Each structure stands twice: as structure tokens, then as C-alpha cells.
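The structure appears below as C-alpha cells.
The values are calculated or read from the model by the stated rules, or taken from the named source; none is laboratory data. Owing to the predicted nature of the structure, the values given are computational and were not obtained by experimental measurement. Reconstructed Cβ throughout: ideal geometry from the backbone, glycine too, with neighbour counts over all protein chains shown. Note: accessible area is taken over every heavy atom of the protein model, side chains too, but ligands, DNA and RNA are not part of it. Shrake-Rupley method; radii C 1.70, N 1.55, O 1.52, S 1.80 Å.
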Number of protein chains: 2
Amino acid sequence: MITQTADHTDIRAINLAAVLAHLRREAPCSRAAIASATGLNKATVTSIVGELLDRRLVRETQQTQNHVGRPATLLVLDGSAYATIGLEVSARGLTALGCDAAGEQVLRWHRAGPGPDAGPAKAIAAIAALARRAIASVQSSGRRVLGITVGVPGLVNRDGAVVLAAGLGWRDVPLGSELAAALGRPDIPVTVDNDASLGVLAEHLYGEYAGTPNLIQLTGDTGVGAGIIVDGRPLQGHLGYVGEIGHLRLIPDGPLCACGRRGCLEALAGVPAILARVGATVDEEDSQRQLEGLMRRADNREADVIGVLTEAGTHLGHGIAALVNVLNPEVVVLGGAYALLAEHLAPAVDKALREATIAPDAGGCTVVPSSFPHTATPLGATAQALTPLTSGRLPG
Amino acid sequence: MITQTADHTDIRAINLAAVLAHLRREAPCSRAAIASATGLNKATVTSIVGELLDRRLVRETQQTQNHVGRPATLLVLDGSAYATIGLEVSARGLTALGCDAAGEQVLRWHRAGPGPDAGPAKAIAAIAALARRAIASVQSSGRRVLGITVGVPGLVNRDGAVVLAAGLGWRDVPLGSELAAALGRPDIPVTVDNDASLGVLAEHLYGEYAGTPNLIQLTGDTGVGAGIIVDGRPLQGHLGYVGEIGHLRLIPDGPLCACGRRGCLEALAGVPAILARVGATVDEEDSQRQLEGLMRRADNREADVIGVLTEAGTHLGHGIAALVNVLNPEVVVLGGAYALLAEHLAPAVDKALREATIAPDAGGCTVVPSSFPHTATPLGATAQALTPLTSGRLPG
């Protein structure tokens, strides 16, 4: 749909976004190819490309194309002058990822804790410290930081406040504004979003099933959240509280969930529940080692572990079936620890999904492991922070 | 987003659609007002309005506007030359609705049966007979029929075939193609869609909460289906099999459902289940009278009936909570018999919804009765059949 009320600036931004999008998909390509593909006239393309060259967002490359005639000057994206930072807060700790404006990874850090007992104030201080160091590191490599996005396993409102993150023990934490204040960098916008919503962005942009219009990614980490792309667009909902499949009640009067209810998918098949059920000692600081132990025991086909994973997979399949009955996705991606355990979960997931979906053949849905088991959220966060640029608003 | 590859015909259609949409919202209005609101230049608006006048889709009206200066010639939509027909197939029987191109109702018929035992062939013959008579009636009033859309309580694929409609006992019924063949009117396109998906269109276009970007309508009829508008657009999904909330398993090993599974929402809180539980004799041909009896007993506060409705409302609230946790709608509309029973269902629905939704205050969701308890689906079907026109493709 044409934005009928678009003024000149909007139109410039829309056209600029179209040129960048074409370059992202098709580069290297010539100005003429861009004009032809976007429907923009050549003068407009030349002007836009000029601006992008000035900002070092594209560069020219001399290349011979596969046809007769003299070599054309081709254009490629050049993200090297800019970067965004994606952060993930989870019970496993903090992850920071930096990507340049072309999507190339330039920084990846992980640090443990602070655990849920530390409280949000300490957590925000730790997030700010990590963000500050990430900014400094990216800047020291000559890149300008365009924005920071933080992913949190919980409900995030439009102001960047965390309304509820049961797995972190957070309620009404104004993370976005406090982090921005702690950073003191008004030139670097800070946004906060749900971890699953960011994770599915990474799958939709960079994953094995990139571009799939109906795509769901399940986090398998602190909680069980669904990031949802429907009909080609990230699902937003009324207030942004979408994808909370972890609190679907599968069994009335089932086990207690961190949210205070009973029988939630998360309480039955969440990664912490799986770890607890195989007897892993609950040690906040060492969930990665616990997970590795679980995988080793599963690979050794220890009967009790296989039993737990089969039961969890069945519950997970029922949870996925609820999503499939309502949303009819083409692909459901198992993220986080689910991706690492996919081989052991898959048979039970598939069986339950097929049994509980009303459409034949699960409505054409395939369940696959994520290509980014532990970085989908921060990777999606770097993409989210790049949104102003990809929608055509150049850095000032 | 501008359709970058739009050719001249596409652009004409997009502009025409924008003019029609503005007239639908704002008429009566002047050519100048249309130009100003749509961003189209005046020559384009004059040309488009000329074509619409020729086709009798708009007409001029002399009217004094509320400002100084001579009376302007204003334009209003004129749907009187065209109509579309919406049909609903349900266990209650067949409903036909005709609306002119401005959305004014010009025909409304209901006829009983054929019941589920009759089989799809007899049903298609009955649907075709009803459609033929509706076409004749609309044509005899001087209107041209632009299209027919049929709503069915089941899974409908992109070819208009009913893959599964458990409540009708149908499986793999090529309704669209057989109905088109039976009608023998290649000038009148026939489409088939899920009843809930059509019902929510009616709510989104004409209901009390019209225009709400995140809106769900529940059918409470043969089955329990959800029609879903997300972020302003009807949810499509991979193959169109969306909104099947009726087969969410609420209670493992619960009562048997028509789909063959156990504990589905439909088996616990579907209208046929409610009627059976209050002891209404199962009489296919008289579900309307059964429903009236139920409402009378509920209004008299008969304890067993109130008990059944409270239990059904609780299950319904849990089903709605699953939708709310995943989709965060602003409004959920109770359709069909649920709308008629809303007063008695609401307390239990609200309580369960609030308890089972992870977001505070049910994520801002309100549950309301439909304005069209028994006509949402055929009304949405008339709107669906008008889609080519509203997207700017004029009748040939």
C-alpha cells in the first residue's frame, strides 16, 4: 500500500529503504539493475546511491558481469562504518553481540549472572556495564554505534519496561529508561523487546528458513516463549504481549510454574524443569554445564533421561500443536537448549504435534532445530536496532 | 510499502481502491477533499471519479458544506447497481445474505438442513439451489452479482475445497469447484472460506469494534472457531488453516470430540455440548428452538443450567486465554449462540481468562457479544466477495 499522505522525506526514506533492501538481497549489482528492480528512475537511484556512498553504507566494486560489454561498476553493501549491539538477559547470564550494518558479527561476549536473586537494580547495573564496554569496543574498531536492543524473557511494554519476567523474578522494571540513563548516551537509542520476538527475527533474516512468511521460533532457555512471524510480518498484538505459549495450561492441577499457575507448558517442558527432573543439581551459575551433562546422558541413551525427554517432548508437541491449530505456521524452529536436544525431543514432539493438530499433516508444518541455539535473541536484537536504517532513516 | 514493480494497471487499481476506501469512511465528500486525503493529484481523482460515476459506483449529491462559499458537488458511494452474496453452511442449516456494493443488505434467507447425515453431495445441491435463487432475486432487483462466497465450519484450502468439517461430517469436499459447476455462471466467481475467518471480517468492517487492529471473533455454532485479525490484517497462515481453537485440548482424557480427540474446547464448551448437557433432546432440525429453551431456563436461573453455563464459560475462558497469551487481542467477540448466552457465560469467562492470562489485566483484552449473532459469517462473506472491487479492480 502506498502511504498516501507521505511527504517528501517519507518518500525519500521509502525509496532509500527499497534500494538498501535490494542491495541486501542481490548485491553486487549495478545502479541500472537497482532502478529496474525497484521501479525508481535512474536519477533517483543515482542520488540515493550517492548519499549511501557518502555515508559509507555502500561501496563500488569493479567487476565483470557475465555478459558482453565493458565491466560495469557494481555496488555492494558496506556496513563497516556502523554497528548495532544486541544484548540478551537470561537466567544463564548476559550475552552481547555486535553486528555491523551489513550483518557481519564484530563482537560476541557472554558473562554469567547476576542470578535472579540479585534483583533488577544489580542486573541493570551489570547490563549497563556490559553495554558500555561493548560500545567502547565497537567504537575503538572505528564503527559508530547506531543503537542497542535488549532481549528479556518476559512481557515488555511499548515503553521498554519489563512488566513481568517470572524466570528472572522481575515485575515492572523500567529497563529501557534506566539503561538509557545509566549509559548517558542520547545519541544511542536503547530499545527493549521480548527475547522470543527478537529470536524469530534472527531466524527470519538469517536462519535456514529465512524469509518463510509463517515462521515460529520457540525459546528453550529461561522460559518457553514463541517468536511469531505471520504472513511475512512480526506479530505485534495490542500491547506487544504476544507469544506467551509457555503459560498454556496443558494439565489442570499439573506441577507449579514460576508464574504461580499450575500445569503450564513451561513447568512441564521448560529447560529448567527438564534439568530438575533428570536430577541435575540446581546451580544457577552452571546451567551450561548441567545442559552438557544432560546431553551426554541422553547420547548415552540413559533410560531415565530418555524418559524425561520423551515426556517433555510430548508436552512440547502439545504446546506447538496449539500454535499450529491457531496460526498454521510452515516452520517451527526449536531454539535455545531445545535445539541442542532436538534429536532426542523430535520423535515425541512430532508424534504429539501430529495427533493434536486438526489439519492433516500438521497443516504442512515442519519442526526444525535453530541454526543459532544460543544467539538468536541477541542476533535478532542487532537487527532490531538497525530498523531505523533499514527503513531508510540515515544516521544524522 | 510501495509495490515497486507495479505497472500502470496496478497503480490505477491501488489509486482507485484508495478513492473508494476514502469514500467509504468519509462520504459525502468533494473531489478536492479526496485529492487532499489520498495525496493523489486532482486530475487523477477526477479521472477515477469519472470512471466510478460511469459504473454507477458513486453518485453526485448537491449539498451545502459547513463553510462559506458556494455549495460544492459532493460524492457518495452508490452500491445499488451491484451486489454480492454470502452463504453460510452450518449444522443449523443454510443462510444466504445479499449486500449491495455499499454494504446495504438486500436479501436475507435462512433454510433448515440438510443435516450432517445427508452427505456433501446433497448439501452442495441444496447450496447451489439456494445460491441460484439468491442470484435470481438480486438480479431481478436490477443488480449485477459480482461474486459469491460460502462460509463453512472447517478447514478450507486455497482451492476452495473443504479438507475437514467435523461438525458437518465432511472430508475432502471440493465445494468451490462443484458449486461453480452447478451454478454454471463463469461471470460470478465462487470462493469458499472458513466461517470464523469470514465472521471476523464482518466484525472488523461493520461491528461495534470495527477497525480494531487486533480483534478475534469466536463462532459459537456448529463448532468453536476463531476468526483472527492481527495488526490490522486477517490472519492467513501457511495453508489457510488458522483459528482452530475448538480443538485445543483443555483436559487430557476429557470428553470425546467430533474430531475424534478427547478434551477439546469444542467438546467441553461447544454449543452442541452445552445443549446436550442441559438435557436438550438432540434434534438436528430444531437447534434454534433448543437454544431458545436454554436461554429461557438460564433467564429463570435454573440451577442446573446455570451450572452448565458456568462450567462451559470457564472452559471457554481458558480457550480464550490461550488465544490472548499468544495473540494479545484488544477485543474478543463472542459470536453465534455465545452472543445470545453472553450474559450467563461472561462471569465465568472473565474469571478464567484473567486467571489464565500471563499479562496483567488479560493484556487489555475485553470480551464482548457480537452485534451479528447469526449473520456474521454470511455478512463477512458478502464483504469477502467484494474484495476484487474494494482492491480497485472494477467489474469488466
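Assorted remarks:
- Rg/Rh, computed from the Cα trace of segment A:37-167 with Rh as the Kirkwood radius, has the value 1.16.
- Both numbers refer to the Cα atoms of chain A; Rg and Dmax are 22.5, 74 Å.
- Average Cα contact separation per residue, segment A:208-370, under 8 Å, 6 or more apart, as relative contact order %: 24 percent
- Inter-chain Cβ neighbour count for B:211-219, averaged per residue, equals 1 (cutoff 10 Å, partner chain atoms only).
- Take the accessible area of chain B alone and of chain A alone, subtract that of the pair, and you get about 4400 Å² summed over both chains, using a 1.4 Å probe.
- Ascending distances from the A:Thr366 label point to its copies in the other chains, with the point 7 Å along the Cα-to-beta-carbon line: 4.4 nm.
- Computed E for B:Ala182/A:Lys42 - FRET, C-beta separation, R0 51 angstrom, nearest 0.05: 0.40
- Only helices enter this figure: runs of n ≥ 4 DSSP H residues, each worth -39500 (n - 2.57), summed and divided by the residues of chain A, yield -13000 deg cm²/dmol at 222 nm to the nearest 500.
- Chain A: antiparallel DSSP beta bridges as a percent of all, rounded to 5: 65 percent
- For B:Asp159, label point 7 Å along C-beta direction: distances to other copies, nm: 5.4
- The angle separating the long axis of helix B:8-26 from the principal Cα axis of greatest extent in chain B is about 70 degrees.
- Peptide A:226-236 has a mean shielding of 4, counted as Cβ atoms of other protein chains within 10 Å of each residue's Cβ.
- Cα Rg over Rh - segment A:128-175, Kirkwood: 1.11
- Between the Cα long axis of helix B:376-385 and the first principal axis of chain B there is an angle of about 30°, rounded to the nearest 10.
- Over chain B, Cα pairs under 8 Å with separation of 6+ residues give a relative contact order of 16 percent.
- Carbon-plus-sulfur accessible fraction, the protein assembly as shown (probe radius 1.4 Å, protein heavy atoms only): 51%.
- A:Arg55 accessible area, assembled protein chains, probe 1.4 Å, Å²: 70 Å²
- In terms of packing, defined here as the mean over residues of other Cβ atoms within 10 angstrom, the peptides B:98-106, B:196-204 line up highest first as B:196-204, B:98-106.
- Normalised contact order of segment B:193-248, rounded percent, pairs of Cα under 8 Å and 6 or more residues apart: 32 percent
- Among A:Pro272, A:Pro186, A:Pro373, residue whose mean-square fluctuation peaks in a GNM of chain A (springs only between Cα atoms under 10 Å): A:Pro186
- Compared with the direct C-alpha span, the chain from B:Thr390 to B:Thr73 gains 111.8 nm at full extension, assuming 0.36 nm per residue.
- Whole-number D in µm² s⁻¹ for segment A:139-242, Kirkwood Cα-pair radius fed into Stokes-Einstein, 4 °C, 1.567 mPa s: 88 µm²/s
- Scoring A:384-392, B:142-150 by mean Cβ neighbours within 10 Å over their residues and listing the highest first yields B:142-150, A:384-392.
- Rg and Dmax over the alpha-carbon atoms of the protein assembly as shown stand at 28.3, 89 Å.
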